[in-house]
Amino acid sequence: MTVALILSGGSGVRLGADIPKQYIEVNGRPVISYCMERLSRHGEIHAIQIVAAQEWQEQIKGWLEKYDVCGKFRGFSLPGENRQLSIYHGLEDIRKYADDSDVVLIHDAARPLLSEKMIAECVKAMEGHDGVMPVLPMKDTVYRSVDGKTVSALLERTEIYAGQAPEAFRVGLYYEANKRLIPDRIHGINGSTEPAVMAGMNIAMIPGDEGNIKITTSNDLERFRRLVTVE
């Protein structure tokens, strides 16, 4: 079984909007609905768990019905103090109905352009691995700076990749990897795959999708709006 864990607990403060970015309407529907619908309709996804603040859960239930996600929806999980704690809360709830050998596919509600191909490739690449992460190669020259003011070193561009969501993991191994970081170290985690790497899990890399943008700034939102709005 593959369970999609949608992260929708963020406040979206960098966007400067009145509501979290994942709930802003674009082309007549909330941003979160795009990935909810795509995951629900995909044959490789068997269940959906959503991390969301309690005050948004009733509204999300309405969208679940509208976009026909109810058949696979299993429940809500409450957000944590940071993204990784939100994932941990989701894993705790997923383990109530999923086996440790099952797969959890973690995706951000603010990445609405998730493709069917990317979902399928993540699930397929799990064969023989503990986890999968889509990545994009670095196109620009990359430098390291210790003080943020001067260049300390030139990094080897061919060895550096930008990670994307969705990321997939074996439920049991990934849960234990995160549990080891409780209560303090989990606050310093910056990416979903970091706990898996720290735990020595075997993580495969697959080609990412440059169109799978994450809405973080107002410019990102406008770009998404242009892509989906029908003239």
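What follows draws every value from the coordinates through simple rules; no lab data is involved. Small disclaimer: the values here were computed from a predicted structure and weren't measured. Because the Cβ atoms are built from the backbone with ideal geometry, glycine has one as well, and the counts that use them run over all protein chains shown.
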Fill in the blank from the handout: The local net charge around Gln49, scoring Lys/Arg +1 and Asp/Glu -1 for residues other than Gln49 whose Cβ lies under 13 Å from its Cβ, equals +1
Completion exercise
Taking the chain and counting helices only, DSSP H stretches of n ≥ 4 at -39,500 (n - 2.57) each over all residues, the nearest-500 ellipticity at 222 nm comes to -9000 deg cm²/dmol
Problem - Rule-of-thumb Rg ratio for the stretch 2-228 [Cα; 2.2 N^0.38 Å; N residues] - result: 1.01
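Could you order the peptides 208-215, 26-33, 2-9 from most to least packed, using the average number of other C-beta atoms within 10 Å per residue? Write down the numbers at each step before the final one.
Numbers: 208-215: 16.5, 26-33: 19.2, 2-9: 25.9.
With the highest mean Cβ count within 10 Å placed first, the list reads 2-9, 26-33, 208-215.
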Problem - Sequence ranges 74-87, 194-207, ranked by mean other-Cβ count within 10 angstrom, highest first - result: 74-87, 194-207
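Among DSSP beta bridges lying fully in the chain, give the percent that are antiparallel, nearest 5. The partial results should precede the final answer.
Details: 13 of 34 bridges.
In the chain, approximately 40 percent of DSSP beta bridges are antiparallel ones.
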Fill in the blank from the handout: Highest GNM mean-square fluctuation among Cys70, Cys35, Cys122, for the chain with Cα springs under 10 Å, belongs to Cys70
Practice task
Would you mind pulling out the separation of the Cα centroids of the stretch 113-156 and the stretch 1-74, in Å?
Solution key: 25 Å
Handout entry: Neighbour-count order for His187, His129, fewest beta carbons within 10 angstrom listed first
Key = His187, His129
Exercise for the section: Compute the length gained on full extension between Cys70 and Ala53: take 0.36 nm times their separation in residues and subtract their Cα-Cα distance, giving the result in nm to one decimal. Expected result: 4.3 nm
